[in-house]
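Shown next, in structure tokens, is the structure this report addresses.
The values are calculated or read from the model by the stated rules, or taken from the named source; none is laboratory data. On a predicted model such as this, the values are computed, not experimentally measured, just so you know. Here the Cβ positions follow ideal geometry from the backbone for every residue, glycine too, while neighbour counts run over all protein chains shown. Heads up: the accessible areas ignore ligands, DNA and RNA and are worked out on the full protein's heavy atoms, side chains in. Shrake-Rupley method; radii C 1.70, N 1.55, O 1.52, S 1.80 Å.
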Amino acid sequence: MSDGARERILAKVRAALADVPRGEEPEDVVVTRGYVRAHTGGELIGLLVDRLTDYRAVVHRVPAAEVAEAVAQALKRRGVRRIVVPPDLPTRWTAASSVVAVADEALAVAELDGVDGVVTGCALAVAETGTIVLDAGVAQGRRAISLVPDYHLCVVRADQVVGDVPDAVALLDPGRPLTWISGPSATSDIELDRVEGVHGPRTLEVVIAE
């Protein structure tokens with residue numbers, strides 16, 4: 001930008017601020033955000049299932065008391081023998097399965113890549129976008145365990161499902177390491193050829209406990 005152009009712009013700014021007393025700060029502007037809530041209650045679960053299915057995730061809705069059996073059946077169908085789990089994953093979630101569950105204690109990437117999958121919980125799930133959010137909290141572990149293994153089985157409680165992204169942002173701590181998962185990892189090249197499993201798990205399976 002030339003000196004002349006810069007001075008013309010600054011002159012316009014000074015003219016626009018000519019009637020603003022020096023030393024005074026403009027009042028804060030309050031923005032009202034009246035987001036439309038199109039879905040409530042049980043509708044959120046149905047919407048979440050639809051969105052996850054659209055993203056090619058495998059989804060199961062089960063009573064909370066049947067989570068262990070649903071997890072066991074999912075792992076059996078996939079032929080999983082060895083999984084990694086967060087150290088604080090509820091043991092009851094894998095109690096009905098015969099797979100070997102390896103608690104993550106800072107496992108190396110090569111070790112994570114050598115297991116058949118990972119089982120975690122989540123921080124919350126967004127129905128409108130079909131997104132599962134992990135924040136390294138309870139039953140979630142560090143980010144690496146949900147990105148390196150090729151298969152991710154995630155348990156979502158019904159009370160963790162929110163309507164949309166603003167609802168999620170209001171509940172999440174931006175200071176935590178947030179991972180937003182919308183279906184299996186996928187990318188495409190300039191010809192729109194879809195390739196899965198490049199940046200994370202090739203397969204996402206979700207058990208929703210109601």
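Rolled with a 1.4 Å probe across the full set of protein chains, the surface gives LYS76 an accessible area near 150 Å².
Shown in residue order for segment 112-118 are the 3J(HN,Hα) couplings computed by the Karplus curve 6.51 cos²θ - 1.76 cosθ + 1.60 at θ = phi - 60°: 5, 6, x, 8, 7, x, 9 Hz (x for Gly and Pro). A simple spin-label model places pseudo-atoms 7 Å from Cα toward Cβ; at ALA103 and GLN73 they are separated by 3.0 nm. Can you say what percent of the DSSP beta bridges in segment 41-209, counting only those with both residues inside, are antiparallel? Round to 5. Approximately 30 percent, going by the DSSP bridge assignments. Length gained on full extension, GLU111 to VAL169: 17.6 nm, using 0.36 nm per residue less the C-alpha separation.
Legend: residues SER98, SER146, SER182, sorted from most to least accessible area (1.4 Å probe; ligands, DNA and RNA excluded), read SER98, SER182, SER146. Each listed q (0.10, 0.11, 0.12, 0.19 Å⁻¹) maps to a log10 I(q)/I(0) for segment 41-209 from the Debye sum over equal C-alpha point scatterers, namely -0.34, -0.41, -0.50, -1.29.
Summarising the amide proton neighbourhood of GLN140: residues at separation of 5 or more, or on other chains, whose placed amide H is nearer than 5 Å comprise GLY121. Segment 117-167 and segment 62-81 have Cα centres lying 17 Å from one another.
A crude spin-label estimate for the pair ALA144 and ALA65, with each label 7 Å from Cα along the Cβ direction, gives 4.1 nm. The stretch between THR53 and GLU210, if pulled fully straight at 0.36 nm per residue, gains 54.7 nm over its current Cα-Cα span.
Taking each residue as 0.36 nm, the span from ASP3 to ARG176 lengthens on full extension beyond its C-alpha to C-alpha distance by 57.8 nm.
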